[in-house]
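Here's the structure we're looking at; comments come further down.
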Amino acid sequence: MTFFLQLVVTGFALGMIYALVAIGFIIILKNSNAFNIAQGHFVMLGGYLGYTFLIVFGMPLWATILCTMAIAALGGIVIERIALRPLIGQPIISIIMMTIALSSIIEGLVTLIWGGEYKTYHGVLPTLTITVSKISIPSEPTIGLLVSATAVLILMLFYHYTKMGLAMRATAEDLQVVQSMGIKATTVYSLSWVIAFVVGVLGGILLGAISGVMTPLAEIGLKAFTVALLGGVNSIGGAIPAGIIIGILENLSAGYLDPLLPRGGLASVFPFIVMLIVLIFRPHGLFGLRKVERI
Amino acid sequence: MLKVENINVVYMKVIQVLKGISFDLEQGQIVTLLGPNGAGKTTTLKAISGMLRTEDGEITGGSIHFNGKRIDSLIPEEISLLGISQVMEGRRILEHMTVEENLLVGAYRRKDKSEIKEDMEKIYTWFPRLKDMRKRVSGYLSGGEQQMLVIGRALMAKPRLMLLDEPSLGLAPLLVKEIYEIIKKINRETSMSILLVEQNAKAALEVADYGYVLENGRIVFGGPASFLKDNDIVKEFYMGISSSGERKSFRETKAYRRKKRWFF
C-alpha cells in the first residue's frame with residue numbers, strides 16, 4: 001500500500017508538470033490551429049538552461065527559474081517575429097513544418113553548446129521532503145508539484161480573468177472578428193509563443209531535476225500531445241486532470257507492470273494505450289470543447 | 001465621411017472582383033449596397049475594413065478616404081481604431097464565450113471603464129433579449145439573438161461607421177423587421193453612419209437614405225432610397241413585383257434579364 005501511494009503521489013507531481021507543458025502546447029494549438037512539434041524541445045532546452053544556471057553558475061533555484069523564464073520569453077518573441085509571423089494566413093501545414101524546423105534548430109543548438117551529454121543536477125535543489133505517515137516524497141517531485149501548480153494557476157487566472165486573456169480566447173475562436181474589433185492579432189500570437197516557450201522551459205527545469213537532462217527529454221513533447229488529446233485538444237482546464245492521470249498511470253505501470261516483463265519499458269507506452277481507449281469513447285477528449293450545436 | 005473612389009479589387013492576383021466602385025457616405029447616413037450573389041457587395045465592405053488582406057485579396061487601384069484620411073493601405077486593426085466596425089456576414093459570434101464576454105471583446109481597445117459599463121447597459125436596452133442571456137454561452141443563442149449580439153459587439157467599439165453585412169440572413173421575416181427597427185433607432189440616437197449590404201432589398205431600402213445596385217463588380221444603378229423603392233427595375237429584380245404591382249413569375253424575370261442593359 002505504501003508503495004502504491006508513493007507511486008501515486010510522485011505520479012501526481014510528474015503529471016502536474018506534464019499538464020504545464022501541455023498547456024503551452026494547447027495554447028499554440030488553439031491560437032494557430034497548428035501542432036507545435038518543438039514544444040518538447042523547449043522542455044529540453046529548459047533542462048540544459050537549468051543545469052547551466054544551477055551548476056555552472058551556481059545560482060539558487062528561484063534565480064534559475066527567473067533567468068530561464070526571461071530567456072524563454074525573449075526566445076518566444078524572437079521565434080514568433082522571425083519564423084511564424086510571415087506564415088500568418090498561409091496553410092497550417094507550413095506552420096507545422098516551421099515548428100519541425102524550430103525543433104531541429106533547438107536540438108542543434110543544444111548539441112553545439114552542451115554537447116548533448118547527460119547532465120544532472122540531482123540534489124542541488126533545496127531539500128523539501130514531505131513525510132506523511134509512511135510515505136515520504138523526495139524534494140524534486142515536491143518542488144516540481146509546487147512550481148508547476150503555481151504556474152498553472154497563474155496561467156488559468158490570466159487566461160480567464162484578464163483583458164489580454166480575453167483577447168487570446170477570442171483570437172482562438174475567430175481571427176477576423178478579433179481583427180475587426182481592433183485587437184492586434186500579432187500581439188496575441190507573440191504572447192502565445194512566449195507562454196508556450198516559458199512553460200516549456202519551466203517544465204524542463206523541473207523534469208531535469210527529477211530525471212536528469214539529455215536530448216531525448218524532447219520526447220516530453222509527445223507526452224504533452226497525449227495529455228492534450230486526453231484532456232481535449234482545445235481545453236486548457238482539461239490538461240490538468242489529463243496530465244495528472246497520465247503521470248499517475250505512467251508511474252503505476254513503471255512500478256507494477258514493468259517488473260513483469262523481461263525488459264520492462266511498458267511505462268512509456270501505457271499512457272498512450274489509455275489515451276487511445278479514452279478517445280474511442282470520447283473523441284473530444286475528457287474535457288474538450290465540443291462544437292456548439294443548436295437544435 | 002467615407003469616400004470610396006474608383007477601387008479595383010483582385011483576389012489571389014487573378015480574379016478581379018471589383019471594377020471601379022465609387023460612392024460617398026455622409027455622417028449619420030445609412031447607405032445600402034444591393035445586388036445579386038457574387039456582385040462584390042461583401043468585397044466592397046472588406047476593402048473598406050481592410051479584411052481583404054486575410055483573404056489574399058488586394059486593392060489594385062483607386063482610393064478610400066475616411067474623414068479625410070486615406071485608409072486603403074492600412075491593416076484591419078488600424079482601420080478599426082479609426083472608428084470603423086465591421087459586422088461580418090453569417091453571425092460570427094465567439095461561440096464558446098458568454099454574451100457578456102462577446103460584448104467585452106468589442107470594447108477591447110477602449111480605456112474608459114465606466115463608459116464601457118454604461119454602453120453595455122445601453123446595448124441591453126436596445127436588445128433587451130440579450131440582457132437575460134448575458135451569462136449564457138453565446139453559441140446556444142437563437143439566430144436572431146446571435147445577430148443582435150454581433151451588432152451589439154460592433155457597437156461596443158463605439159464606431160463612427162458600421163459596416164453591416166446581411167443582418168437578415170436566414171432569419172424569420174418578423175425578426176428581420178425587429179432588427180431593422182433597432183438599427184434605425186440606433187442610427188437616429190447615435191448619428192452613427194451605417195453601410196449596409198443586403199439581399200433583402202425591401203427591408204434595406206426601408207431604413208436606408210441612399211442605395212446602390214452592384215452587378216459584376218460595378219455600380220449599375222444608384223440614388224436616394226425613396227427613388228429606388230419606386231423604381232421599376234429594382235422592384236422587378238429585387239422585390240419580385242412587376243410594374244403593374246402584381247407578383248411576377250421567375251420565368252418572365254429571367255427572360256427580361258437577358259436583354260437588360262442599364263448601365264448609367
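It is to be established whether one or more residues within the stretch A:234-245 are among the polar types (S, T, N, Q) and under 19 Å from the mean Cα position of the chain (by Cα).
Yes; the residues of the stretch A:234-245 include at least one that is among the polar types (S, T, N, Q) and under 19 Å from the mean Cα position of the chain (by Cα).
Within the stretch A:73-115, count every residue that is among the β-branched types (Val, Ile, Thr) and over 19 Å from A:ILE220 (Cα atoms).
9
Taking the stretch B:1-49, which residues are within 16 Å of the chain's Cα centre (by Cα) and of a type in the set (Gly, Ala, Ser)?
B:GLY28, B:GLY35, B:GLY38, B:ALA39, B:GLY40, B:ALA47, B:SER49
For the stretch B:107-125, how many residues meet the condition of being over 24 Å from A:LEU175 (Cβ atoms), within 11 Å of chain A (Cβ to nearest Cβ) and within 22 Å of the chain's Cα centre (by Cα)?
Looking only at that region, the number is 0.
Pick from B:LEU104, B:LEU81, B:LEU149: which is farther than 30 Å from B:LEU174 by Cα, within 22 Å of the chain's Cα centre (by Cα) and aliphatic (A, V, I, L, M)?
B:LEU81
Considering only residues of the stretch B:97-118 that are assigned to a helix (DSSP H, G or I) and acidic (Asp, Glu), which is farthest from B:SER138 (Cα to Cα)?
Top of the filtered list is B:GLU115.
Using the structure shown, decide if A:PHE270 is more than 16 Å from A:MET156 (Cα to Cα), out of contact with any Asp or Glu (no Cβ under 6 Å at 6 or more places or on another chain) and free of Cβ contacts under 8 Å to residues at least 60 places away in the same chain.
The answer is yes for A:PHE270.
Surrounded by 15 or more Cβ atoms within 10 Å (Cβ to Cβ), assigned by TED's automatic domain parsing to the domain that holds B:PHE221, touching a helix residue (DSSP H, G or I) at 6+ places or on another chain (Cβ under 6 Å) and among the charged types (D, E, K, R): which single residue out of B:LYS46, B:LYS41 fits that description?
B:LYS46
Might you check whether a residue that is buried (at least 21 other Cβ atoms within 10 Å of the Cβ), touching a residue at least 40 places away in the same chain (Cβ under 8 Å) and outside any loop (DSSP other than H, G, I, E, B) occurs anywhere in the stretch A:171-181?
Scanning the stretch A:171-181 turns up at least one residue that is buried (at least 21 other Cβ atoms within 10 Å of the Cβ), touching a residue at least 40 places away in the same chain (Cβ under 8 Å) and outside any loop (DSSP other than H, G, I, E, B).
Go through (1) surrounded by fewer than 21 Cβ atoms within 10 Å (Cβ to Cβ); (2) more than 11 Å from every other protein chain (Cβ to nearest Cβ) and name the single condition A:VAL194 misses.
All conditions pass for A:VAL194, except number (1).
Check whether at least one residue in the stretch B:147-160 is touching a strand residue (DSSP E or B) at 6+ places or on another chain (Cβ under 7 Å) and within 26 Å of B:GLY20 (Cα to Cα), and report yes or no.
yes
Sort through B:GLU77, B:GLU89, B:GLU101 and tell me the only one that's acidic (Asp, Glu), within 14 Å of chain A (Cβ to nearest Cβ), over 30 Å from B:ARG218 (Cα atoms) and surrounded by 14 or more Cβ atoms within 10 Å (Cβ to Cβ).
So the residue among B:GLU77, B:GLU89, B:GLU101 that is acidic (Asp, Glu), within 14 Å of chain A (Cβ to nearest Cβ), over 30 Å from B:ARG218 (Cα atoms) and surrounded by 14 or more Cβ atoms within 10 Å (Cβ to Cβ) is B:GLU101.
May I ask you to verify whether A:THR10 is closer than 23 Å to A:GLU219 by Cα, touching a Phe, Trp or Tyr at 6+ places or on another chain (Cβ under 7 Å), hydroxyl-bearing (Ser, Thr, Tyr) and in a helix (DSSP H, G or I)?
No.
Within 14 Å of another protein chain (Cβ to nearest Cβ), surrounded by fewer than 21 Cβ atoms within 10 Å (Cβ to Cβ), more than 25 Å from B:ASN200 (Cβ to Cβ) and among the small types (Gly, Ala, Ser), is that true of B:GLY83?
Here the answer is yes, as B:GLY83 does meet what is asked.
In the list B:PRO159, B:PRO128, which residue meets the criterion of being modelled with pLDDT of 90 or more, more than 11 Å from chain A (Cβ to nearest Cβ) and under 26 Å from B:GLN29 (Cα atoms)?
Just one listed residue meets the conditions, B:PRO128.
Exactly one condition in (1) modelled with pLDDT under 90; (2) surrounded by 15 or more Cβ atoms within 10 Å (Cβ to Cβ); (3) within 22 Å of the chain's Cα centre (by Cα) is not met by A:ASP258; state its number.
The number of the failed condition is (3).
Is the stretch B:132-155 home to any residue that is surrounded by 18 or more Cβ atoms within 10 Å (Cβ to Cβ) and of a type in the set (D, E, K, R)?
Within the stretch B:132-155 (the criterion being surrounded by 18 or more Cβ atoms within 10 Å (Cβ to Cβ) and of a type in the set (D, E, K, R)), the answer is yes, since at least one residue qualifies.
Scan the helices (runs of 4 or more DSSP H) fully inside the stretch B:150-230 and keep the ones with 1 or more residues being of a type in the set (S, T, N, Q).
B:173-190, B:225-230
Taking the stretch A:125-151 as the region of interest, how many residues are assigned to a helix (DSSP H, G or I), among the polar types (S, T, N, Q) and touching a Pro at 6+ places or on another chain (Cβ under 9 Å)?
1
Scan the stretch A:108-117 and tell me whether some residue there is touching a helix residue (DSSP H, G or I) at 6+ places or on another chain (Cβ under 8 Å), within 14 Å of another protein chain (Cβ to nearest Cβ), assigned to a helix (DSSP H, G or I) and on the phi < 0 side of the Ramachandran plot.
Checked the stretch A:108-117: no residue is touching a helix residue (DSSP H, G or I) at 6+ places or on another chain (Cβ under 8 Å), within 14 Å of another protein chain (Cβ to nearest Cβ), assigned to a helix (DSSP H, G or I) and on the phi < 0 side of the Ramachandran plot.
The values are calculated or read from the model by the stated rules, or taken from the named source; none is laboratory data. None of the values given here were measured: they were computed from a predicted structure. Methodologically, a virtual Cβ is constructed for each residue, glycine included, from the backbone with ideal geometry; neighbour enumeration extends over all protein chains shown.
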